[in-house]
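A.B. asks: This is the structure I want to talk about, given as structure tokens.
Values quoted throughout were computed directly from the atomic coordinates according to the rules given, and no laboratory measurement underlies them. This structure is a prediction, so every number in the text was calculated from the model and none was measured. In this analysis, Cβ positions are derived from the backbone assuming ideal geometry, glycine residues included, and neighbour counts consider all displayed protein chains.
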Amino acid sequence: MTDALITAIPAAGDNTTRQVARIWEELLGVPSIGFDENYFDLGGDSSLAVQLFAQIEKVFRVKLPLATLFEAPTIEELARILRPETARSGWSSLVTIQPAGSRPPLFCMHPHGGNVLIYRDLSRYLGSDQPFYGLQSQGLDGRCPPLTRIEDMAAQYVKEIRTVQPHGPYFLGGYCLGGAIAFEVAQQLRAKGEQIALLALFDTMNCSKLRPPSIWDETYQICQRSAFHVANFLSLDSESRAHFFSEKMNALRSRLPVWGSMLLSRFPINSRETVSESRVLGEIWQANERAYLNYIPQPYPGKVTDFRPLKQYRGLHNPDLKWDRLAEGGQEVVVLPVNAPSMLFEPFVKHLAAALRKSIDGVLPTSKAA
């Protein structure tokens, strides 16, 4: 974004509000956005949010987690958080995604990237009667170091979950790494005498038996991921294809700086990091990856519901990477009509939402499931 663009401020609103509006208009490609218009209704997604908050940090010198958009989805609300007199202090991993509803709340743990914006569409398809909370990585604000052990993450998240729901039965879930964190959260809650109604793992591997990937493994996985994206794309109608393609392009644009930052951390050179957002997200990703690979889960005295894609990466069908040998209460496998890794993205997320709601209904009293 050019300096001319940032300083070309419209007449309405205070300076902070107008600067935020210009950033939104540039990234979303929408002219004259109303200060009360919702970011998500304008076509914003989690991938564009990375670019949005990088620009906000550049202009305002303030670092905010992407999940701030759940709390402040309009220009005016975001500007209020950015003003010094109304700025927030302190950190919370708990993110309110959908607070309303009479059903028991669902708590979902962050994946590798540390953010929980990825759960927005899942929450929307579960319906307005399903309270939904996310747990995001410590360190997304750039102030605290990220946690590097799943056990420590779970201990922190248990405390925050109990501020919303002091006692069970609890409904827990998570995608990829988030499923492993949910598994440990369930363990720690049960150790405190609480009941777990549902432990839902979304495309989550038990990585304790996974050997460290070689450069060839990583290269093959990138090729296979591309093939899965193509297969998912071809399974859609023309309208859905356009949306899916746009979403994946936005995701690629947002991840390139993060990958670059991670590469620089492996091969440091004498240069200044200019995109703090990318640096922090890269550090979060690497810390979470180490935590995932080093986590050794223990036998769980309950049931696990395992939501899997129709096709998975080569080598991840190994029985040692599953959860049935640890779930003493049994494992239910739900196969979804999508290839890895798109079960949380439109339009495939609706299949996960329908299956997850069925699982939630299956353990609710009849009166609440209706």
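A.B. asks: Which far-off residues, 5 or more places away or on another chain, put their amide H under 5 Å from the one on Asn38, with H placed in the peptide plane?
C.D. replies: For Asn38, whose amide H was placed from the backbone, there are no distant partners under 5 Å.
A.B. asks: Still on this structure: Skipping prolines and chain starts, which residues have an amide H placed within reach, meaning under 5 Å, of the one on Val334, given they are 5 or more residues away or on another chain?
C.D. replies: For Val334, the qualifying residues are Asp306, Phe307, Arg308.
A.B. asks: List Asp41, Asp306 from most exposed to least, where exposure is judged by having the fewest other Cβ atoms within 10 Å.
C.D. replies: Asp41, Asp306
A.B. asks: Quick check on packing: order 336-342, 288-294, 98-104 by the mean number of other C-beta atoms within 10 Å, highest mean leading.
C.D. replies: 336-342, 288-294, 98-104
A.B. asks: Can I ask one more? Extent of the stretch 37-188 along each principal axis, from alpha carbon coordinates, in Å, largest to smallest?
C.D. replies: 43, 34, 28
A.B. asks: Taking neighbour counts of Cβ atoms within 10 Å as a proxy for exposure, in what order, fewest first, do Thr305, Thr96 appear?
C.D. replies: By the 10 Å Cβ count, ascending: Thr96, Thr305.
A.B. asks: Apply the Karplus curve 6.51 cos²θ - 1.76 cosθ + 1.60, θ = phi - 60°, to the phi angles in the stretch 337-350 and return the couplings in whole Hz, x for Gly and Pro.
C.D. replies: In residue order, the calculated couplings are x, 7, 8, 4, x, 10, 5, 9, 10, 5, x, 6, 4, 5 Hz.
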